[in-house]
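Heads up: the structure comes next, in structure tokens.
Bear in mind these aren't lab numbers, they're just calculated from the coordinates by the rules spelled out. Just so it is clear, the model here is predicted, and its values are computed rather than measured. Cβ sites come from the backbone with ideal geometry, for glycine too, and all protein chains shown count toward neighbours.
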Amino acid sequence: MAFDTTHGSTKRQRHRIARRDVLKAGLGSGMALAATRGQMPGVGGASAASQAEPVALTYLHHEHPPVNTLEEELIQQFQQENPNITIEYLVTPDVDMFTEYSAMLVAGAPPDIVNFGDTDVPAVWQRGQLAPVDLSAVGVASMEEMESRYIPNALSGYIFDGQLYALPSELSDYVMWVNTQMLETAGVEYPRTWEEMSTIGQELMIRDSGQVTQEAIALPFSFPGAQFLVLDAMARQAGGQLFSDDGTESFLTSDPVVKAVTTLANLVQVDKITDPALNGTTAGADRDLFLNGVAAMMLTGGSWYQGNLEGTEVGEYAIPVPYPRFEGGPDVAGDVYGYGLTVGASSQHPAEAWKFVGFLAAHGTDYFEAGGLFIGDKETAEGDVAAEFPNWDTFQAELAAGQYAPRLYQSNEISDIVGRTLDAVVRSNEEPMAALEAAQSRVTSLLNS
């Protein structure tokens, strides 16, 4: 799954330095930005002759074969409808996205359009490297009309200082996946609350000569991006959050965060309904344990995980259900995450670039059918294709109850700290408050200012 590797520790660790370099390069390259924050690029005033002049755009996207194939077809269609515009489609492995972007930026030829992960957008925006969405170019008359085309909160992760800087190209959140065959064999239903998880989980554990052969739930370990999303959602369910929405304050030592961390630790150390040894040190091992029929439940899959299950034995019995909540707590689902199509502030053709982005955004159903990617648009969410998608009502309801993670300019570095801290407490039995105090100290210099 192309999207979720963005939130995995492997990708984050491998591109952290490249990401920092590219952001510095954008400041030090001395490029004259064609547009700055707060200035809406316009298309008005251009003559018919100038509009017909040849326009060349570059579009940088991560490697995801089903989507890449679809977009190659859409590019051909767009170019036929707009014969004066040519688009160079640049596809690179997800882990190399910022390296490629950096090289193009330093060379003075940054891409016009980039498909950024939502956690990367705040830092790029903060350095003035993004142009705000040209509403008229994408085919709407107002922000209200734009918002009416998307499900609630789909655009909120890309709004800064009251302006929109990206259109979603993928929108998801984690649900809990359960193996109904394992639950039926144990004679239990899936837990609706974290408090029920302990009791129900006991019935799902199977051991052979002291070795766990089936665990109740597979947790994410050595997987900072996923751990951040799980922990932030649980902290919100406990009445708090990890960081302030503007990324300037850390709440890692607050009661809600301590409650969330302790709850996860107890699943391992007290309830003993999950075995970290089964994960090893591989990011995403929790998904494999569920897929291979070792775990009865798993917390880090979105609607895209349905594709992973197709054609497998477990896929016949796997269904998505809502994230557990804390008893008496707010009705909060998993954090919303995704990718967004952006236009560079240095693009010489922002109106044409946004026109192309608007064209792609109008093909939400095609993305859903071709790659299983939901872009957050109401037309797809309420259409026949989604209605036929297994358990779509669960995904839609959970998306409506979720929200984007805090906007952190140093999101990768902070996620690594949070993930390692969670591993230390849950896996290595460190005292929660002491570990969280140390993490709080480490993230202070990385907060937004």
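In table form, for the structure just shown:
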item: Intensity falloff of the range 341-449 expressed as log10 I(q)/I(0), Debye formula with alpha-carbon point scatterers, at q = 0.19, 0.22, 0.23 Å⁻¹; result: -0.97, -1.08, -1.12
item: Radius of gyration and Dmax over the Cα atoms of the range 277-345, both given in Å; result: 15.5, 48
item: Where the Cα pairs of the chain fall when distances are cut into 20 Å bins, in %; result: 25, 55, 18, 1
item: Ordering of 230-237, 254-261, 134-141 by burial proxy (mean other Cβ atoms within 10 Å per residue, highest first); result: 230-237, 254-261, 134-141
item: Extension gain, T394 back to S142 (0.36 nm per residue minus Cα-Cα distance, nm); result: 87.6 nm
item: Selected from L171, V188, T199, residue furthest toward positive end of dipole (the range 93-236; charges at beta carbon); result: T199
item: Filtered GluC sites (Glu not before Pro), the range 339-443: DSSP coil and at most 12 other beta carbons within 10 Å; result: E382, E388
item: Helical contribution to [θ] at 222 nm, DSSP H n ≥ 4, -39,500 (n - 2.57), averaged over the chain, rounded to 500; result: -12000 deg cm²/dmol
item: Ratio Rg/Rh [Cα only; Rh per Kirkwood] for the range 90-246; result: 1.09
item: Burial ranking of peptide ranges 83-92, 209-218 (average Cβ count within 10 Å, highest at the top); result: 209-218, 83-92
item: Burial ranking of peptide ranges 59-72, 296-309 (average Cβ count within 10 Å, highest at the top); result: 296-309, 59-72
item: Cα-centred dipole magnitude for the range 283-331, charges only on beta-carbon of K, R (+1) and D, E (-1), debye, nearest 20; result: 100 debye
item: Assigned charges on the beta-carbon of Lys, Arg, Asp, Glu; the chain dipole about Cα centre (debye); result: 1520 debye
item: For the range 285-320 and the range 146-184, distance of Cα centres in Å; result: 20 Å
item: DSSP beta bridges in the chain [antiparallel fraction, %, rounded to 5]; result: 65 percent
item: Dmax and Rg, reported as Rg then Dmax, of the range 204-332 (C-alpha, Å); result: 15.6, 51
item: For the range 60-126 and the range 325-400, distance of Cα centres in Å; result: 18 Å
